[in-house]
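Below is one structure, written out as structure tokens; the observations come after it.
The values are calculated or read from the model by the stated rules, or taken from the named source; none is laboratory data. A quick note: this is a predicted structure, and the numbers were derived from the prediction, not measured. Glycine also receives a Cβ, built like all others from the backbone with ideal geometry; neighbour counts cover every protein chain displayed. Accessible surface areas use protein heavy atoms only, side chains included; no ligands, DNA or RNA. Shrake-Rupley method; radii C 1.70, N 1.55, O 1.52, S 1.80 Å.
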Amino acid sequence: MNRHDSVEERTFAALPPAHGTGFARTWWGRAWLTALEDGALDGEQVRTGRRLARAGAVGAVSVRPGRITAVVQDRDHTRHRADVLLDRLSDDQWDRLVDLAVERAGHVAALLDREMPPDLVEDAESAGIDLLPGLGDLEAQCDCGAWDQCGHTAAVCYQVARLLDQDPFVLLLLRGRAEQSLLDDLQARGSAARPDAEPLRTEGVDAAEAYAAGNILPPLPAVPELPPEPGVPPSWDTDAPPPAGVEPSALAILAAGTAAAAHLLLAEALREGAERRAPTAGLTVGQDAVRLAEGVLGVSGTADRPGAAVLDRLATGSGRDRAELAAAARAWRHGGAAALSVLEEEWVVEGEAFARARAALDSAWEEDERPVLRARANRWTVVGTACQLRLGRDGRWWPYREEGGRWMPAGDAAHDPATALAVARPDGEEAPSY
């Protein structure tokens, strides 16, 4: 029994219907829905749950360690108790997670602002702790008799995605730790007095001792701890001109990217039970240019003067102009090579792919709320707005928004077209429906 197993439960009042809006706007809310949608064996049940949740059929939601419970009302007014289960973290995992959180003040500050820091989730994964559910982690139980996700449990999951958007502590409670208990642990761990520092010991052995030991080799040292951040590569800080064909700013960008990749590989290698990954497919020259451009632009979408020179070279080498490269870099930020393909490739949707797309569009909205869509190939433009949905070859929907006469990626992909369209709309804009 966990030492934090005192009965902790939060009950959330039933949320109003979600007509015309998506269920997840935060990255962690979308990750929750991905675990549901990718793990369910019956996609029709997932779509039924989405319609029930959107109609406001989910009652009050109770969240406690390892379990979510709610009553869901079917369209025929029958009521069903639906439970969704997720494994709790062990005490040892919580101890490691708290240690990771207090290492950076920004982690605690983000949680208090009701944000889930992505680097905390990544650090936790490197330490063997999965905060967000993965494929098959959401276990369903319902009194309707279904043995997998049914429409009722799926509806509860969609409603929980809205709760997670508002407060990531809902996920932490589900994983086993209530908000106040966790904050107490963070405060205690962060303010604990550090023991007096021991005097530094000189590494190595005395030369005379080493000579006397002859060929007796000492044991290998312990594996070093993973550095908290990638190393900072050296800069070209010299008055000497660079060799012909070497651009210092481009070299610095490549070195920083290599350091980050090396840090990630080391984290995976040091993780207990790590297995060697299969090599991933290599990028084309054009894709790699976009990947590098995304790193230069960063989250601000701008580049300093040295970075601008690098962008010019990347644009020329990939056969794009600067505006096209910026759009491609934004797409890469949202989904890598798959998102870049959706930006630059137009293809005809036909056969089984068209039937699935048509079914997804028909079930995404109620009849009186469905926007008017004008289709061309794999692109559906919302009539009367600057919003567009693009269908990827994997069946996901990508939100696009018109900016300065150019269609630009507006967010991450979603399995639900209504969720993707909600991301594409500027705040407050309503899609006309007829």
TODO: Would you mind computing, in nm to one decimal, how far apart the modelled labels at residue 147 and residue 254 are, each placed 7 Å from Cα along Cα→Cβ?
DONE: 5.7
Task: Protection proxy ranking of 325-335, 256-266 - average other beta-carbon atoms within 10 Å, highest first - done: 325-335, 256-266
- [ ] May I ask you to rank 253, 129 by accessible area, largest first, using a 1.4 Å probe over the protein chains only?
- [x] 253, 129
Open item on the list: As a test of reading the structure, rank 94, 147 by solvent-accessible area (1.4 Å probe, protein chains only), most first.
Closed with: 147, 94
